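Let me begin by presenting the structure, written as structure tokens, before commenting on it.
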Amino acid sequence: MDTREKDIENLKDYKYGFTTDIENIKAPKGLNDDVIKFISNIKKEPKWMLDFRLKAFERFKLLKEPNWQKPKYPKIDYQDLYYYSAPKSMNDKPKSLDELDPKLLETYNKLGIPLQEQARLNGIAVDAVFDSVSVATTFKGELTKHGIIFCSMSEAIQKHPELVKKYLGTVIPITDHFFATLNSAVFTDGSFVYIPEGVKCPMELSTYFRINASETGQFERTLIIADKGSYVSYLEGCTAPMRDENQLHAANVELIALDDAEIKYSTVQNWYPGDESGKGGIYNFVTKRGLCKGKNSKISWTQVETGSAITWKYPSCILKGDNSIGEFYSIAITNNHQKADTGTKMIHLGKNTKSKIISKGISAGFSDMTYRGLVDINSKAKNSSNYTQCDSLLMGNKCGAHTVPYIKNKNFDSNIAHEATTSKISEEQLHYCQQRGLNPEEAVGLIVNGFCKEVLQQLPMEFAVEAQKLVGISLEGSVG
Amino acid sequence: MSEQLQLDFDKIVKTSNFTNEEIQFKKNYLNNFIKKGFPNRKQEDWKFLDISQIIKKNISGLSFFNDYSQSNKIDPTIFVDGLEHNKIIFINGRIEKIDFNFEDQNKIEIIDEIKKDISFDYENSLIDLNSAFTDKVFKILIKKNYSLKKPLIIYHSTNDKMKSTNINLRLDFELGENSCLKLIDYFANNTATNFINIFYNFNLEKDSILKNYKIDKFRNNNLRYSFNNIEQDNNSVSETFILSAGSNYFKNEINCNLNGEYSSAFINGIFSLKENQQHEIRTTINHLIENTKSYQLIKSVLGKNSKSAYQGRIFVNSKAQKTDGYQLSKAILLDETSEFNAKPELEIYADDVKCSHGSASGSLNEDKIFYLMSRGLNYQQSKELLINGFLLDVVEKITDSEIRNLIKNIIGVKE
């Protein structure tokens with residue numbers, strides 16, 4: 001440990017910041033107090049942060065891995081993972097687009113992603129003219145003008161410890177479930193957003209604009225705080241397929257909305273889903289939770305999930321403040337051997353709280369899709385209401401679509417309505433489209449887009465167009 | 001508890017005339033039960049109402065031994081008036097009388113020595129308990145092409161002679177090709193708190209029809225669990241109606257396997273609960289082959305401190321194309337303290353299916369009450385009228401008009 005600490009100490013003064021030149025430093029394999037101390041140390045974290053991690057780890061030791069979910073996966077040996085490794089050096093990265101998987105390039109072209117962006121996504125050095133870094137810096141200036149803090153988690157711990165200390169772990173406590181607790185112990189980086197009182201964030205915030213966002217690693221931690229009367233729309237991920245070395249992704253995302261604040265969180269997830277026979281692919285076990293802490297606050301989740309071998313996540317809203325609103329819009333598409341178990345939880349605690357859930361699931365190939373959701377109206381949540389609609393579309397008889405809603409109503413003033421349907425694309429619709437000159441694949445694309453429209457509408461404009469294309473691409477080869 | 005189980009089991013072995021083989025068989029089930037214990041909320045199927053806690057709270061000193069060697073006196077006042085019917089009478093878990101007076105005796109066979117093993121997969125420890133402690137298991141066989149002229153009413157009653165606090169009973173039914181059985185379970189337990197565990201096994205052959213009506217109307221302090229396993233062959237129909245209103249705790253569980261093409265299952269239920277009652281219906285419909293159909297409608301009216309739960313599961317196998325599955329659960333919460341839980345579940349592996357479910361819960365619609373009051377009814381009357389209409393919807397689903405009228409009278413709903 002001693003020499004390592006010294007090394008880190010020396011690196012501090014390095015001109016290009018420590019992220020670029022610590023590539024040889026890797027935490028030893030396995031999970032123990034030392035590894036956690038190592039991570040904390042390398043990130044130069046204050047003591048309270050280390051304590052937070054260690055406390056989470058203590059708790060983690062007591063927890064058992066859950067196994068109630070639908071998609072089963074081979075046992076993960078948590079001692080056989082690296083919990084910290086510095087970003088890859090430029091030498092390991094592909095030099096030009098020619099070195100990439102041609103299939104990946106094909107998809108990029110279909111999505112209409114510009115060349116420079118394709119390169120950036122794969123970590124190829126981009127020429128200075130279209131440097132995303134410079135784009136990002138201009139945005140940063142605009143944000144600072146409004147007093148908005150938008151930085152990496154590590155930076156926030158250093159520069160805004162009072163905010164992090166106050167809010168981190170308040171929505172997803174360190175005593176939460178297995179993966180969330182693991183994340184609390186070993187998280188590497190993520191985004192931090194703070195919107196001051198009364199500020200409407202002038203642009204969509206996106207991980208895309210944050211410089212070292214691409215290498216946050218497998219244990220990402222995001223914290224977004226919207227102070228009184230503020231508004232923010234946050235985009236996570238992108239439509240382009242993302243490859244990653246790490247199989248397990250256990251991120252934590254916490255949202256906090258104070259009085260009259262609104263947070264809109266949109267995700268497009270397109271991680272590597274494994275090959276056609278179901279080999280490889282990413283396990284996306286994410287904990288996302290929003291707390292409507294103040295009166296009249298609103299949190300809205302929108303997600304388009306097309307990637308990952310296994311997706312297992314339930315973006316939730318805790319509606320604590322009176323008159324608060326929670327929304328969940330989701331499209332989940334599984335193809336080949338992908339599996340998804342996703343949905344939401346709406347926990348109504350305050351009076352006059354409202355929630356809305358729209359979930360569209362599409363499964364094709366040999367895949368399995370589960371919507372699992374909870375609507376819980378507490379006895380104090382007078383005059384609350386919920387509306388849930390979850391529709392599933394099946395393509396072929398080798399796949400499955402499941403709906404498992406939990407509905408708990410403890411308040412006689414409140415209303416819950418739930419609807420679900422499962423069906424396939426009707427022959428009539430297909431026939432109609434084909435008659436008008438579309439080929440079967442285009443016809444399915446069109447019908448599916450119509451099926452998903454309610455959710456796609458919720459996405460910010462430029463995202464929606466890409467997401468629409470992505471929906472079509474994800475289902476390629478499933479018709480016939 | 002395991003000591004008590006063992007002790008009572010030994011008493012049964014002593015007093016009954018089971019063969020060695022049977023005793024061994026029962027012992028296995030007993031050991032299974034001792035190992036598993038009563039189901040609790042950690043098990044997904046028991047998430048909403050935890051029976052182990054409810055039993056603990058309500059019954060102190062649970063005991064399992066009933067002396068079946070002595071007969072009980074039948075109290076004719078429990079009999080249902082105004083409907084001619086065949087009878088099976090259980091008193092304190094013992095079959096006192098099997099009476100098929102209205103029927104052609106050659107067409108009905110009653111077999112009392114049947115294989116007691118259980119042919120389907122289950123995790124439920126209450127089935128183990130049942131299999132360990134049931135007395136004689138009768139099988140009623142309706143022969144080919146015979147439709148019972150009159151309904152069969154099974155009376156479940158207890159009296160003060162009962163020594164233990166637990167009753168386990170089981171009946172098996174086999175409906176031959178093109179036969180028809182109308183079966184009413186009538187619960188008339190008047191004695192204090194017992195845990196009653198009922199297990200029925202139905203085997204429906206081609207073109208047969210089963211209509212099962214479970215009526216638990218009169219307020220009593222018993223805790224009740226009922227499990228129906230229904231196996232259905234081609235073109236068979238099963239109709240189940242549940243009125244869940246009387247007992248302190250009642251969980252009705254129905255597992256229906258649609259094994260034959262064009263078979264269909266209908267389940268309709270009413271919860272009408274008051275003070276401290278906790279009731280649940282859990283259904284599993286397995287669509288295992290093409291062209292099968294299921295329909296479920298469950299409605300709850302929940303008063304003070306009451307709690308109802310509905311867990312409905314539609315499973316569609318990848319072979320079961322053209323399945324039609326439907327579920328609807330609705331609840332009216334009348335009081336601040338009432339609670340409704342639902343878990344309507346779809347698990348689907350075939351693409352050419354039509355499956356949907358819906359669930360709605362809330363209070364009585366104030367606009368409707370206003371409308372009725374503006375037409376001269378008072379608040380209470382308006383409320384009653386609305387509830388009446390709400391429940392009538394389910395009763396109307398009963399296909400047998402005679403029984404429908406009987407049930408309307410029992411519930412007190414008007415057209």
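A few notes on this one:
- Under 12 Å from the residue B:397 label point (7 Å along Cα→beta-carbon), backbone N, segment B:234-248: B:239-243
- Sorted fewest first by neighbouring Cβ atoms within 10 angstrom, B:256, A:292, A:317, A:201 come out as A:201, B:256, A:317, A:292.
- Of the trypsin sites (Lys or Arg not before Pro) found in segment B:359-410, those that fall in a DSSP loop while having at most 12 other beta-carbon atoms within 10 Å are B:375.
- In straight-distance terms, cross-link reach from residue A:228 covers every one of the aspartates and glutamates whose alpha-carbon lies under 13 Å from its own, apart from those fewer than eight places away in the same chain; here that gives A:197, A:259, A:260, A:262.
- Ascending count of other beta-carbon atoms within 10 Å, so fewest first, for B:399, B:134: B:399, B:134
- The mean count of C-beta atoms from other chains within 10 Å of the C-beta of residues in A:367-375, rounded to a whole number, is 1.
- Measuring r between the beta carbons of residue A:277 and residue B:74 and using R0 = 51 Å, the FRET efficiency lands at 0.15.
- Relative exposure of A:346, A:461, judged by other C-beta atoms within 10 Å (fewest first): A:461, A:346
- Rg and Dmax of chain B, both derived from C-alpha coordinates alone, stand at 21.2, 73 Å.
- Across segment B:100-110, rounded Karplus estimates of 3J(HN,Hα) from the backbone phi angles (6.51 cos²θ - 1.76 cosθ + 1.60, θ = phi - 60°) give 10, 4, 8, 10, 6, 5, 6, 8, 10, 10, 10 Hz, Gly and Pro being marked x.
- Once the chain from residue B:11 to residue B:42 is taken as fully extended at 0.36 nm per residue, the excess over their C-alpha distance is 7.9 nm.
- Taking Cβ atoms as reference points and 9 Å as the exclusive limit, the residues near residue A:259 contribute a net charge of +1, counting Lys and Arg as +1 and Asp and Glu as -1.
- Put simply, the amide H of residue B:299, placed in the peptide plane, has neighbours under 5 Å in B:269, B:270, B:271, B:330, leaving out anything fewer than 5 places away on its chain.
- Taking each of B:214/B:330; B:87/B:211; A:360/A:410; A:351/A:408; B:163/B:214 in turn, the alpha-carbon distance tops 23 angstrom for A:360/A:410; B:163/B:214.
- With the convex hull of its Cα atoms as the shape, segment B:230-372 has an orientation-averaged projected area of 9.0 nm².
- Residue ranges A:38-49, A:253-264 sort as A:253-264, A:38-49 when ordered by packing (mean number of other C-beta atoms within 10 Å per residue, highest first).
- For segment B:122-192, trypsin sites (Lys or Arg not before Pro) are listed when DSSP marks them as loop and at most 16 other Cβ atoms sit within 10 Å of their Cβ; the list is B:136, B:143, B:144, B:149, B:161, B:163.
- Note that segment B:366-415 shows a convex hull volume over its alpha carbon atoms of 70 Å³ per residue.
- Positive contributions from Lys and Arg (+1) and negative ones from Asp and Glu (-1), summed over other residues with Cβ under 9 Å from the Cβ of residue A:311, come out at 0.
- Extension reserve of the residue A:383-residue A:453 stretch, reckoned as 0.36 nm per residue once the Cα distance is removed: 22.2 nm
- Average beta carbon contacts from partner chains per residue of B:360-372, 10 Å cutoff: 3
- Partner aspartates and glutamates whose Cα lies under 16 Å from the Cα of residue B:35, excluding those fewer than 8 positions away in the same chain, are identified as B:3, B:123, B:128.
- 3J(HN,Hα) along segment B:147-154, derived from phi through the Karplus expression 6.51 cos²θ - 1.76 cosθ + 1.60 where θ = phi - 60°, amounts to 10, 4, 6, 10, x, 9, 10, 9 Hz, with x in place of Gly and Pro.
- Take every Cα pair under 8 Å whose residues are at least 6 apart in sequence, average their separation, divide by the length of chain B, and the relative contact order is 9 percent.
- Aspartates and glutamates with Cα under 17 Å of residue A:424, excluding same-chain neighbours fewer than 8 positions away: A:368, A:391, A:441, A:442, A:476, B:290, B:324, B:347, B:351, B:352
- For GluC sites (Glu not before Pro), the sites in segment A:268-369 that DSSP calls loop and that have at most 15 other Cβ atoms within 10 Å are A:276.
- Value of [θ]222 nm, deg cm²/dmol, for chain B, DSSP H segments ≥ 4, -39500 (n - 2.57) each, nearest 500: -6500 deg cm²/dmol
- Relative contact order for segment B:319-415: 24 percent, from Cα pairs under 8 Å spaced at least 6 residues apart, divided by residue count.
- Amide hydrogen proximity for residue B:202: with H placed 1.01 Å from N in the peptide plane, the residues at 5 or more positions away or on another chain lying under 5 Å are B:173, B:229, B:230, B:231.
- Neighbourhood net charge (9 Å Cβ-Cβ; Lys/Arg +1, Asp/Glu -1) for residue B:123: -1
- Per-residue ³J(HN,Hα) for segment B:388-396, Karplus 6.51 cos²θ - 1.76 cosθ + 1.60, θ = phi - 60°, Hz, x for Gly and Pro: 4, x, 4, 7, 4, 3, 6, 4, 4
Each reported figure results from applying straightforward, stated rules to the coordinates on display, with no laboratory input. What you are looking at is a predicted structure, and each value in this text was computed from that prediction instead of being measured. Ideal geometry is used to build each Cβ from the backbone, glycine not excepted, and the neighbour counts take in all protein chains shown.
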